[in-house]
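Before any comments, here is the structure.
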Amino acid sequence: MTAPGRRAGRAPQPSPVEAARQLNLPLFDPLHASPAPIERGPSGSTRVARLCEQWLRYELRRSKRRTIGFVIDERGLRVTAPRWVSHVEIESALQDKANWILRKLGEWRAHQARRERLEVRWEHGAPLRYLGETLTLCVDENARRTQRVGDRLVIGLPSQARAEQLKDRVQCWLQARARDVFSERIDWYGTHHGFTPRRWSLSSARTRWGSCSADGSIRLNWRLVHFPIDIVDYVIAHELAHLRELNHGTRFWQIVGDLFPEYERARAWLRDFPEDGASR
């Protein structure tokens, strides 16, 4: 099960100039700013454009490619354009897609906000999501192991333990719980529906909640253990359905519906979460 894509398709254009204005745009977060002098960097220049009364700062790079490309990463927006395309044409391409760009900007900001909500602070007293509940991390040097006690997760570490040590202990506990929970749910589907994978394992993938191979084995992202059990059930049902249909056609979704009737609700719920935000 792959996380939602963020790259738009490109439509062919009749002339070389129009072809150069084809857009390949993932989600991105323009930086609102007042006009600033163009700054020349090691591989490009920083420029600004005004889209629907909002200022967008971006890095412009020139290349041998035939089209204008737009990419967002941790450095912000990067525009790559053919050397022969003018700044006026680049500005025109931005203006043509202004509404689409700003709509995607809102989606990106929401994605970033969800990621921030899921990030764990690795310190005593911080909250931790577990099967849809909120536990409180409690560092206790007298505790002999990591265990849940009511609404607390008690971790046997000295009070001066580093954040990385706490993270390792808690993630080890979460992965062990994930193995127990997933095993129990897979067994339930096998007993009640006759769907049993050849084997299954935990995954730490950043872009998939689960996957199914043609040989009948499935992998489940251990970070699912943060989510309510019905979301876990949906992902398991999704991957088990691939044992019969290695596609996402009509028959596949019929099988998912038989295994987990409320799959549409769970599917929509899962879309609201970034694929790599939980317990990083």
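Here are some notes:
- Qualifying residue in region 154-164 (condition: modelled with pLDDT of 95 or more and within 30 Å of Glu239 (Cα to Cα)): no
- Complete set of residues in region 184-206 that are under 29 Å from Trp122 (Cβ atoms), hydroxyl-bearing (Ser, Thr, Tyr) and surrounded by 12 or more Cβ atoms within 10 Å (Cβ to Cβ): Ser201, Ser203
- Apart from one condition, Arg219 fits all of (1) buried (at least 17 other Cβ atoms within 10 Å of the Cβ); (2) assigned to a helix (DSSP H, G or I); (3) modelled with pLDDT of 95 or more; (4) charged (D, E, K, R); the exception is (2).
- One residue alone among Cys212, Cys138 is touching a Leu at 6+ places or on another chain (Cβ under 8 Å), surrounded by 19 or more Cβ atoms within 10 Å (Cβ to Cβ) and of a type outside the set (S, T, N, Q), and that residue is Cys212.
- Looking only at residues in region 113-128 that are surrounded by 15 or more Cβ atoms within 10 Å (Cβ to Cβ) and at pLDDT 90 or above, the one that is farthest from Asp151 (Cα to Cα) is Trp122.
- The residues listed here are Leu202, Leu166, Leu174; of these, the one that is farther than 19 Å from Glu119 by Cα, of a type in the set (A, V, I, L, M), within 28 Å of the chain's Cα centre (by Cα) and not in a loop (DSSP other than H, G, I, E, B) is Leu202.
- For the residues Val256, Val225, Val235, the requirement of being at pLDDT 95 or above and touching a His at 6+ places or on another chain (Cβ under 7 Å) singles out Val256.
- Test result for Gly150, of a type in the set (Gly, Ala, Ser), touching a Ser or Thr at 6+ places or on another chain (Cβ under 8 Å) and at pLDDT 95 or above: no
- Of all residues making up region 119-148, the number that are of a type in the set (A, V, I, L, M, F, W, C) and touching a residue at least 24 places away in the same chain (Cβ under 8 Å): 6
- Exactly one residue out of Ala143, Ala110 is part of a helix (DSSP H, G or I), more than 21 Å from Asn221 (Cβ to Cβ) and out of contact with any Ser or Thr (no Cβ under 6 Å at 6 or more places or on another chain), and it is Ala110.
- Test result for Leu105, under 21 Å from the mean Cα position of the chain (by Cα) and not assigned by TED's automatic domain parsing to the domain that holds Arg219: yes
- Residues being under 20 Å from Ile229 (Cα atoms) and surrounded by fewer than 16 Cβ atoms within 10 Å (Cβ to Cβ) - total across region 154-174: 1
- Qualifying positions in region 222-231 - surrounded by fewer than 24 Cβ atoms within 10 Å (Cβ to Cβ) and either under 17 Å from Thr191 (Cβ atoms) or among the β-branched types (Val, Ile, Thr) (or both): Ile229, Ile231
The values are calculated or read from the model by the stated rules, or taken from the named source; none is laboratory data. Keep in mind the model is a prediction, meaning the values are calculated, not measured. Because the Cβ atoms are built from the backbone with ideal geometry, glycine has one as well, and the counts that use them run over all protein chains shown.
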